[in-house]
Amino acid sequence: MIAGYAVPDFISEFWHFYIAGITIVSIIWVMWFLKGQTTRKLAPGEQAELMAPTWDGDLQELNNPLPRWWLYLFWFLIVFGIVYLVLYPGLGKFEGVWNWSSADQFKSEKDRLDAAFNKEFEPFRAMDVMAVAGDPKAKEMGQRLYLTYCSQCHGSGGQGSKDFPNLTDTQWLFGGDADSVKNSVANGRLGVMPAMGDAVGGEAGAREVANYVLALGGKPHDAALAAAGKDKYAACAGCHGEQGKGMPEANFPNIVDDAWMYGSSEAAIIESIMRGRNGGMPAFQEKLGDDKIHLLAAYVWGMGGGQQPPAPVTEAPVAEAAAAAEMPAAAPAQ
Ligand code: HEC
Ligand code: HEC
């Protein structure tokens, strides 16, 4: 209820009167009841009446009036309730003369905290992620954020677990340079791989393809099975590429390197194929905003596995390759 929090919850006037009415009638009833119970005083010398038979030998219920202090406590609570309902919202849609709302209070507290955070964050805003990663103060702030928002999935030390990638090693599913890490945190990574059992001819086919994947990655494998799996791998190439290198930018993982989320054993690969995989890294952009993500990306980058940005892959290599081959760099298409 942040946007439009001033809108009352009631969709029709009826509920406003209904609830306010019940509240007011209850208060009046309680006052009436209390008064009815307390006006009677014992005349001098009068004995309180016995209200019920005696229990347990000597336990009796008498109709003495309530002790005064107890009574005053009730009246005090009623007055408190009325004053409260005048000052604060509580009576139907009446907002109270102080115009207080929990949303306003939340907002002002949040603004105050944000202002404090902004002041602390100020020096890091202009620094790049790798530089921020080296700053002890930023690390402390980043760690606090990490423990709050990330540790439940990636572990308090970032070591991950099955289904949740390790963030401290140098193996990255989606890139370990500062921008890629930032991208993972800000936009999330939703990996959706359908179950492929039918496409590869069941469990036996999956075993063949798994061995082909292991072969592509240069890992120990069964050559006969791998050969049989080569054609079936066509079902996978659309996402993981002919060579199994994937497309990290589209969240299709490389399956020929050493970065595995679900395991690189034959059994784990078969399981990936048969069951499909749906890893979900939530997007944090909206929840945390640029500044906190900047700190978090730096903290993660600094956990030990941070990599340098990849060399630009556009012009330079083409130009170099062209120069090496003594050809004009940008030969017009013919
Ligand atoms: C529609 C695209 C798509 C197809 C087709 C597909 N995959 Fe995947 N695969 C993915 C995605 C996305 C992931 C990552 C899932 C995640 O992040 O949880 C994945 C994950 C995997 C993994 C786990 C990687 C790890 O790190 O543990 C293996 C192994 C794998 N795929 C093998 C295959 C094989 C073999 C085939 C063909 C039979 C195949 N995939 C077909 C998209 C696909
Ligand atoms: C709900 C569990 C969950 C939470 C919370 C979570 N992550 Fe993730 N994270 C994942 C999963 C699952 C993946 C792998 C995504 C995939 O399968 O496609 C991932 C992937 C990543 C990656 C990419 C790793 C790689 O190898 O490229 C980074 C970086 C990352 N998370 C950082 C964070 C940070 C920082 C936070 C806290 C702001 C966070 N995560 C919170 C589940 C989570």
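The values are calculated or read from the model by the stated rules, or taken from the named source; none is laboratory data. Everything quoted here is computed from the prediction, not taken from an experiment. For neighbour counting, all protein chains shown are included, and Cβ atoms are generated from backbone atoms with ideal geometry for every residue, glycine included.
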Log entry, pairs with first residue in region 232-244 being among the basic types (Lys, Arg), second being crowded, with 17+ Cβ neighbours inside 10 Å, beta carbons closer than 8 Å, six or more apart or on different chains, reads Lys232/Val200; Lys232/Gly205; Lys232/Glu208; Lys232/Val209; Lys232/Tyr212
Every listed condition ((1) farther than 30 Å from Gly302 by Cβ; (2) within 16 Å of ligand 2 (Cβ to nearest atom); (3) not small (Gly, Ala, Ser)) holds for Tyr233 save (2)
Residues in region 261-277 that are surrounded by fewer than 19 Cβ atoms within 10 Å (Cβ to Cβ) and at pLDDT below 90 total 2
Only one of (1) in a helix (DSSP H, G or I); (2) among the small types (Gly, Ala, Ser); (3) surrounded by 17 or more Cβ atoms within 10 Å (Cβ to Cβ) does not apply to Gly244, and that is (1)
Residue pairs within 9 Å by beta carbon, gap of at least six or interchain, first lying in region 168-180 and on the phi > 0 side of the Ramachandran plot, second more than 7 Å from ligand 2 (Cβ to nearest atom) and assigned to a helix (DSSP H, G or I), listed first then second, are Gly175/Asn183; Gly175/Pro248; Gly175/Glu249
Every listed condition ((1) more than 9 Å from ligand 2 (Cβ to nearest atom); (2) without any contact (Cβ under 8 Å) to a residue 24 or more places away in the chain; (3) farther than 18 Å from Asn254 by Cβ) holds for Pro194 save (2)
In region 184-234, anything basic (Lys, Arg) and more than 10 Å from ligand 1 (Cβ to nearest atom) is listed as Arg207, Lys219, Lys230
Out of (1) assigned to a helix (DSSP H, G or I); (2) at pLDDT below 90, the one Pro332 does not meet is (1)
Residue hits (region 70-103; modelled with pLDDT under 90 and either part of a helix (DSSP H, G or I) or of a type in the set (Phe, Trp, Tyr) (or both)) are Trp70, Leu71, Phe94
The residue that is surrounded by the fewest Cβ atoms within 10 Å (Cβ to Cβ), considering only those in region 17-61 that are among the β-branched types (Val, Ile, Thr) and part of a loop (DSSP other than H, G, I, E, B), is Thr39
Selection from region 150-176 of residues modelled with pLDDT of 90 or more, over 20 Å from the mean Cα position of the chain (by Cα) and not β-branched (Val, Ile, Thr) yields none
Phe174 passes all but one of the listed conditions (1) within 13 Å of ligand 1 (Cβ to nearest atom); (2) surrounded by fewer than 16 Cβ atoms within 10 Å (Cβ to Cβ); (3) not assigned by TED's automatic domain parsing to the domain that holds Met274; the exception is number (2)
Within region 257-281, residues in contact with a strand residue (DSSP E or B) (Cβ under 9 Å, 6 or more places away or on another chain) and not charged (D, E, K, R) come out as Met261, Tyr262, Ser272, Ile273, Gly276, Asn278, Gly279, Gly280, Met281
Residue set Arg189, Arg207; condition more than 13 Å from Ile255 (Cβ to Cβ) and at pLDDT 95 or above; output residue Arg207
